[in-house]
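What follows is calculated from the coordinates using simple rules that are stated; it is not laboratory data. As the structure is a prediction and not an experimental result, all values here were calculated from the model. So basically every Cβ, Gly included, is an ideal-geometry build from the backbone, and we count neighbours across all protein chains shown.
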């Protein structure tokens, strides 16, 4: 697929655009927290705290040229192509064309941020090719402009509350996630997943928005104290609220199983089909408890996605 902008490509400086650029983005495994929150000006915005996961990745390779035409491989990576165009326009490099290649092993439709991975990797690759360093905030804004809604996987070492449809940080919690481990699973492995943009955003009521205020406070404390139990509490309560808008199979059974195996929290993708049991690092008999959970999840027809660590 290509973008055929009508420009005078002979005016482009070929020498300035000779460097290939690379970008790499991790996926996420759903959310710790998602809802509506007040920003510093009192505006109510949709926001989320993404659960980062390094088990799957998206990579982008961009070779700029003076053709004025952008192409992408594979051709169906339309959001990545748009991300390249948006980035070039924002960097005032409208005359640049080039070849974009995207390679990703992030499963689509599960709620792992496959499209955002493509988009973020592309933005980074284009900026890298032009030898321009972008802040995480600017990458976030460009990602939202490119695909309407984006997860906050561009924030590598910071835990933030990100407005996924406005492209801005509502709150920086001032640190990294506390350390914990996750046993991830897919509740609907044979489905086509969830189309994030087609999915109607949750219409949270006043009581739920009040709960989000409290969960935001707990989230802040969890980061400050590096407390896995507190962040697990946030994930569980956020999942309970969002169960009203995108129900997960056997949710009550999942909560009971979580108590049985001693997990500190249950996190779910609020616009996907994955979830995960959260455990404190170094918890006693952790392998045995995860094996017990795995056996039950498989019995229910769920599929294990991965086991991964956060905050280490």
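Taking a ≥ b ≥ c as the square roots of the eigenvalues of the Cα gyration tensor, the range 217-284 is oblate, since a/c reaches 1.5 or more and a/b is not larger than b/c.
Taking the Cα centroid of the range 20-82 and of the range 232-286, what is the distance between the two, rounded to the nearest whole Å? One Cα centre to the other: 25 Å. Axis angle, to the nearest 10 degrees, between helix 136-147 and the longest C-alpha principal axis of the chain: 80 degrees. Which one, (i) 33, 61, 6, 0; (ii) 32, 56, 12, 0; (iii) 34, 53, 13, 0, gives P(r) over Cα pairs in 20 Å bins from 0, in percent as derived from the coordinates shown? It is the value labelled (iii).
In the chain, the calculated helix contribution to ellipticity at 222 nm averages -10500 deg cm²/dmol per residue, counting -39,500 (n - 2.57) for every DSSP H run with n ≥ 4. When a/c reaches 1.5 or more, the comparison of a/b and b/c decides; with that in mind, is the range 175-310 rounded, prolate or oblate per its Cα gyration tensor? Because a/c hits 1.5 or more and a/b fails to exceed b/c, the range 175-310 counts as oblate. Over the chain, what is the percentage of antiparallel beta bridges among all DSSP beta bridges, to the nearest 5? DSSP beta bridges in the chain are roughly 90 percent antiparallel. Most tightly packed first, judged by the mean number of other beta-carbon atoms within 10 Å of their residues, the peptides 265-278, 229-242 read 265-278, 229-242. Exposure proxy ranking for 27, 285, based on other Cβ atoms within 10 angstrom of each Cβ and starting from the fewest, stands as 285, 27. Structural descriptor for the chain: relative contact order 21 percent, calculated from alpha carbon pairs under 8 angstrom and at least 6 residues apart. This ranking places 249, 134 by how few other beta-carbon atoms lie within 10 Å of each, fewest first, which gives 249, 134.
Which angle from 0 to 90°, rounded to the nearest 10, does the C-alpha axis of helix 251-261 make with the longest principal axis of the chain? Roughly 70 degrees between the two axes.
Rounded, prolate or oblate: which fits the range 2-171 when a ≥ b ≥ c are the square roots of the eigenvalues of the alpha-carbon gyration tensor, with rounded for a/c under 1.5 and prolate only if a/b beats b/c? Prolate. Taking the longest Cα principal axis of the chain as reference, the axis of helix 206-225 is set at about 90 degrees.
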